[in-house]
Amino acid sequence: TPSSPPLLYPPSHALEALSWLQTFHAEQGPDFADPAPGWTIVSERTGITVRKKMIPRISEVLPVYRGDKIVQGLSADSILSLVSASGCRSTWDERIELATPLTSYGYGVKTDLLATKPVFPFKGRLFHVASVNATVRVPSASATSSTSSIYFSASASFPPDETFDQKRINPTGLL
């Protein structure tokens with residue numbers, strides 16, 4: 001009988017997503033207005049360009065989506081801390097009702113339990129999400145600096161296992 005593959009350590013899912021983000025960034029090139037090959041524009045609103053691309057190694061059915069926006073007047077550090085803070089998730093993502101921190105592994109790697117808001121006729125859902133933040137220094141195109149920092153924040157859902165007490169984190173029995 002074939003055995004099921006072993007469950008991956010939760011941060012490995014986020015690290016794989018980080019690897020994909022870094023690949024997408026490397027394909028992008030210096031001009032965000034000129035998308036990398038294969039990305040199709042889905043929408044452009046309020047300065048955010050959303051693109052999609054089929055990447056069979058990730059999914060043969062669902063496309064990968066990405067959003068790009070150049071933000072001015074805020075530091076990248078402050079944006080990264082807002083995007084990655086568990087308690088702030090419901091502020092910027094209207095689909096999330098509650099984000100509960102599960103484990104911090106240090107160095108910007110953590111797991112959270114996200115509860116989505118119910119949308120008729122569906123009830124809310126729970127997602128176990130692993131996240132990682134990373135900063136990469138690259139040569140700068142600016143004459144005033146020799147390097148620039150690129151900030152990545154990657155998240156990926158992972159299947160729950162016995163590591164987390166399901167009665168404590170899911171007392172209502174959401175899926």
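The values are calculated or read from the model by the stated rules, or taken from the named source; none is laboratory data. Predicted model, so just to flag it, every value in this text is computed and none were measured. Positions of Cβ are backbone-derived with ideal geometry, glycine not excepted, and every protein chain shown enters the neighbour counts. With ligands, DNA and RNA removed, areas are computed over all heavy atoms of the protein, side chains included. Shrake-Rupley method; radii C 1.70, N 1.55, O 1.52, S 1.80 Å.
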task = Being loosely packed, with under 14 Cβ neighbours inside 10 Å and among the aromatic types (F, W, Y) is the filter here, so list the residues in the stretch 76-107 that pass it.
result = W92, Y107
query = List, please: which pairs have Cβ atoms under 8 Å, are six or more places apart or on different chains, and start with a residue in the stretch 48-60 that is within 11 Å of T23 (Cβ to Cβ) and end with one that is open to solvent by less than 40 Å² (accessible area, probe 1.4 Å) and not in a strand (DSSP E or B)?
reply = I55/P63
key: Where a residue in the stretch 20-47 is under 21 Å from V136 (Cβ atoms) and loosely packed, with under 15 Cβ neighbours inside 10 Å and its partner, wherever it lies, is modelled with pLDDT under 80 and not β-branched (V, I, T), with Cβ under 7 Å and at least six apart   = E27/A36; G29/A36; P30/A141; F32/D68
ask   = Looking at (1) surrounded by 15 or more Cβ atoms within 10 Å (Cβ to Cβ); (2) under 17 Å from A156 (Cα atoms); (3) under 16 Å from the mean Cα position of the chain (by Cα), can you tell me which one I55 breaks?
value = (3)
